[in-house]
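Heads up, the thing below is written out as structure tokens.
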Amino acid sequence: MTGDIRRSQRAAGDAGSATVSRRWPMSDRERLRLDAEQLRRRCDPATLPFATTAEVEPSDGATGQQRAVRAIDFAVRAPQLGYNVFATGPAGVSKRETIETQLRAHARTQPAPEDVVFLFNFEEPSRPLCVTLPARQGRRLARMMAAFVAQASREIPHAFESESYRRRRSEVTEPFEREREDTLEQIRSFARSRGLDLEVTPAGVASIPLVHGRPVTPSEFQQLPEQTRKQLSAAGHEVELRMNTVVPALREIESRARERMRALDREVVLFAVGHLIEEIKREYADSQTLCSWLERAREDVVDNYGGFLANAEQAQMAAPMRAVLGRGMEAFHARYEVNAFVAGEQDGAPVVVERNPTFARLFGRIEFETTLGLASTDHRHIKAGSIHEAAGGYMILRAEDVLRQPFVWDRLKEILRTGQARVENLGEQFTLFPMATLTPNPVPVRVKIVLTGSLQLYELMHALDEDLADLFRVRADFDVQMPWTEEEPARYAAFVSALVAREGLLHFDAGAIARIVEDGARRAAHQGRLSTRYEQISDLVIESSHWAAAGGAELVGGVHVEQALREHRQRCDLIEQHLAEMVDEGVLHVELTGGALGQINGLAVLGLGDYAFAHPARITATTAIGSGEVLSIDRESKLTGKIHDKGFLSLRGYLEQRYGGQRPLALSASLTFEQSYSGLDGDSASSAELYALLSSLAEAPLDQGIAVTGSVDQHGRVQAVGGVTEKVEGFFDACDRAGLTGGQGVIVPASNVKHLMLGDRVISAVREGRFHVWAIERVEQGMELLTGLPAGELAADGTYPEGSLHRRVQDRLLSMARAAQEWSGRRPPRDAGSAPAPGANGSSAQ
């Protein structure tokens, strides 16, 4: 695209320039020229109600996003399910900061949500119980139960080791011991009367033969006379029969003794720790579920008090054994401990911003401990996710992050539909063999979700997932710009003041704020609007403070903002400088003076991240006799996009509408962006392409010192385009490097005037008459500026005035049509396979 700067004019160019100066009505030319004041809107520091930002109240967030703020405010106040928010808008408009600021302001007016705790399930240990408590009560309950376990571990062993317990135990056991001994003594007397004695062992009661009142051993028994052995055996059988009648009585005595001991132990345990449970129950009397669990916990302590006695026994063991058994004791004590799953300490509702929404971070997890190579877990290892922490409040998520994580989007939708969140590990769904783990009760979750993402992502999700419309019924659109009213500069200042306080920057004076406001209008590409891309504005503020501090200034002034902008451009304009060098060296061919047939300077914008610039792009057109084809070489080479192609096809519509009413268009035309080897898109060059085409048809040179931008419709109306500020400055820079002649300038659409925010160098040149900017509404105005010829009005007979531009085009097309007709009439018939005749099929016939 483009070429070397030609300072010497060609002969045809000289003639074209002379024609321009001779025939152009100066009053009309001046009427289309823009004044310097129209090229940029200024912010007068004297109109700002402060001297420095030290006098301005800081304000973060929602400046200029009233539409989005109203949408979010409606959503957070709607109690029904489904009124979650999808906030759309490009990156850099401070969506998250604005949303978070608004949600926190609303959350402060809401009550704190309930705490959630997990408790051991004494009936089904694999299904921990989920219990909700009033705010700030979860951790308190956990502390109280931990204190209960610690005190029970001390009090229960102490109670069972006390002299009082030993005395009462004796009082309970002695009557049963006497009754047992009396019963056994009766059976012993019976056995002695039969020559036998009884021995009570853990395995039962055994009879022992007596000889001369002395027990005999088995070997001695075998040496007795047979008659004596038979008598003793028969006696043993009688004793056994009598013993069978006594054993049930002994067992009944032992059973009654055990019952009495259990009652004593229960009494001792309850006396030691029962009052602790009662104190906790009184604290949480409003929770019937918790009180029932505390009753069950008390019964479990009574039934399993031996677990607390083991602590004292372990104290006497060697250290390695204590370490091994300690895990078992910890697991036993865990039965009575409380997992404060969600226990907030803040006032108001929570606002959670989750920047890494993995499945575990968002929905919680169940952790495991390894003991002697075995993995184990319990209710204490159930960990909350951010969705649980946001229950009763609000959560902000990036839609792109949510969709990137496996299974997160589906689980999030399930929670929003049911209001309950299950805690499980993602890996459990993919294990080859099932493993024993916990299945906690679902946690009640009522939360407002705010998803942020681009409008394109929202539209894609809306089209592919029908649940989005049902679960995210509120869309909050963030704009990249806001109206520039009298109040907005002060709001910019409030934003800067907040950034100064947060980052520890120097304060800004009114002149610096005015310059930032003007830069905001430039970024918004509109004299009546300001940019809301606060990330870019923040960068400018920080960099301006840096340069002010580097210069030893106490305040940031307008010169420091200018320096920050200049330094940023110098960091980013490497490619721009390389292109400029190629133009200056003649590698890229660009003509900035004189006139040329079928050649014009278009303007191309190149965006490099947050930096954009424009440069001249030479567009040429050739015409010949043909059958009506208008060809784009770039399009045929597949170097153009769809928008460019649409704009290009409008050219043929204009030619047919303007010149094809009485006869067919017998031309062949080709247009191209010279020295362009990369992709092209956009319709902003369609008016320039049309000017080049009309110049070739009318044989009217175009002023090469004037560049053109603007799209055109089929009726010749010039339409607004983007990047108009960069385009004017890009052509000005090229002309300035070659030397301004006083006749150079840029033609822009009249509807783009309000989008101009030009730099001081351009405005100074315009004010001094060394450079110009013209604003037009129709193609005819542009052609008159470029050629110096009047366009001409269509007469009743279908012709244009003699010497007008349209008449010259009309005459040329008429001559082409006649030549084509004459050639067609005298062209000899061709045999099949013969070569085409010269000039046929739109080929050039010069």
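The values are calculated or read from the model by the stated rules, or taken from the named source; none is laboratory data. Note that the structure is predicted; figures quoted are calculated from it, not measured. Glycine gets a Cβ as well: all are built from the backbone with ideal geometry, and neighbour counts include every protein chain shown. Side chains included, ligands, DNA and RNA excluded: accessible areas come from the protein's heavy atoms. Shrake-Rupley method; radii C 1.70, N 1.55, O 1.52, S 1.80 Å.
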Using only alpha carbon pairs under 8 Å that are at least six residues apart, calculate the relative contact order of segment 110-190 and give it in whole percent. 19
Provide the per residue accessible area, probe 1.4 Å, for segment 742-811, rounded to a whole number of square angstrom. 35
With every protein chain present, what is the per residue accessible area of segment 578-697 (1.4 Å probe, Å²)? 39
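I need to check one value: relative contact order of the chain, counting alpha carbon pairs closer than 8 Å and at least 6 residues apart, in percent.
Numbers: 1481 pairs, mean separation 167.3, N = 846.
After rounding, I find 20 percent.
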Please work out the Cα center distance from segment 664-742 to segment 761-813, rounded to the nearest Å. 14
How much length is gained if the chain between Q577 and M144 is pulled fully straight, taking 0.36 nm per residue apart and subtracting their Cα-Cα distance, in nm to one decimal? 148.7 nm
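Is segment 449-607 rounded, prolate or oblate when judged by the Cα gyration tensor, a ≥ b ≥ c being the square roots of its eigenvalues, rounded requiring a/c under 1.5 and prolate requiring a/b larger than b/c? Numbers along the way, then the final one.
Values: a/c = 2.27, a/b = 1.14, b/c = 1.98.
Note, shape of segment 449-607 comes out oblate.
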If I compute Rg and Dmax of the Cα atoms in Å from the structure I just sent, which labelled value in (1) 47.9, 165; (2) 27.3, 85; (3) 30.5, 109 lines up? (1)
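Test of understanding: what is the full-extension gain from I208 to T439, defined as 0.36 nm times their sequence separation minus their Cα-Cα distance?
Numbers: separation 231, 0.36 × 231 = 83.16 nm, distance 5.99 nm.
Contour length minus Cα-Cα distance gives 77.2 nm.
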What ranking, highest mean first, results for peptides 803-815, 627-639 when packing means the other Cβ atoms within 10 Å averaged over each residue? 803-815, 627-639
With charges set only on the Cβ (+1 for Lys and Arg, -1 for Asp and Glu), what does the dipole of the chain come to about its Cα centre, in debye to the nearest 20? 980
The FRET efficiency for F122 and D465, from their Cβ-Cβ distance with R0 = 41 Å and rounded to 0.05, is 0.40
Determine ³J(HN,Hα), in whole Hz, for all residues of segment 595-612 in sequence, where each value follows from phi through the Karplus function 6.51 cos²θ - 1.76 cosθ + 1.60 and θ = phi - 60°; x replaces Gly and Pro. x, 8, 7, x, 9, 8, 8, x, 9, 10, 9, 10, x, 10, x, 8, 10, 9
Treating the beta-carbon of each Lys and Arg as +1 and of each Asp and Glu as -1, no other charges, what is the dipole magnitude of segment 604-732 about its Cα centre, to the nearest 20 debye? 340
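Skip the ligands, DNA and RNA, and give the accessible area per residue of segment 454-529 with a 1.4 Å probe, whole Å².
44
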Whole-number percent relative contact order across segment 363-481, with pairs defined as alpha carbons under 8 Å at least 6 apart: 30
Return the subset of K413/K448; K95/K727; K638/K754; K95/K448 for which the Cα-Cα distance in this structure is over 23 Å, preserving the input order. K95/K727; K638/K754
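Calculate, for I643 and A51, the FRET efficiency according to 1/(1 + (r/R0)^6) with r their C-beta to C-beta distance and R0 45 Å; round to the nearest 0.05.
Values: r = 48 Å, r/R0 = 1.07.
Computed FRET efficiency for I643 and A51: 0.40.
Scan the chain and note any complete DSSP helix (H) whose C-alpha atoms cover at least 30 Å along its axis and whose Kyte-Doolittle average is -1.0 or more. Provide the component values of the computation, followed by the final result.
Numbers: long enough: 138-160 (33 Å, 0.07); 163-193 (43 Å, -1.78); 226-269 (60 Å, -0.75); 805-826 (32 Å, -0.90).
Membrane-span-like by this rule: 138-160, 226-269, 805-826.
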So, with points 7 Å from each Cα along the Cβ direction, the L241-E37 label distance in nm works out to 13.8
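How many percent of the accessible area of segment 542-622 is carbon or sulfur, using a 1.4 Å probe?
Working: 2040 of 3600 Å².
With neighbouring chains kept in place, the figure for segment 542-622 is 57 percent.
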What ranking do 76-83, 381-388, 490-497 get when scored by the average of other Cβ atoms within 10 Å per residue, highest first? 490-497, 381-388, 76-83
The set of residues whose placed amide H lies less than 5 Å from the amide H of V718, leaving out same-chain residues fewer than 5 positions away, is R778, V779
What FRET efficiency, computed as 1/(1 + (r/R0)^6) with R0 = 56 Å and r the Cβ-Cβ distance, is obtained for Q456 and E822, rounded to the nearest 0.05? 0.50
Give me the distance in nm between label points sitting 7 Å out from Cα along the Cα-to-Cβ direction at A249 and L814, one decimal. 14.7
Calculate, in nm to one decimal, what R29 and H158 gain on full extension: separation in residues at 0.36 nm each, minus their alpha carbon distance. 35.6 nm
Given the peptides 796-802, 463-469, 652-658, 276-282, arrange them by the average over their residues of other C-beta atoms within 10 Å, most packed first. 652-658, 276-282, 463-469, 796-802
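Measure off, as a whole percent, the carbon and sulfur share of the 1.4 Å-probe accessible area of segment 120-262, all protein chains present. Let's see the in-between values first.
Numbers: 4440 of 8950 Å².
Reported share for carbon and sulfur atoms: 50 percent.
Quick one: pull the percent of accessible area on segment 481-523 belonging to carbon and sulfur, 1.4 Å probe, ligands and nucleic acids left out.
Numbers: 700 of 1510 Å².
Carbon plus sulfur share of accessible area: 46 percent.
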Taking segment 493-556, which GluC sites (Glu not before Pro) meet the DSSP loop condition and have no more than 12 other C-beta atoms within 10 Å? E554
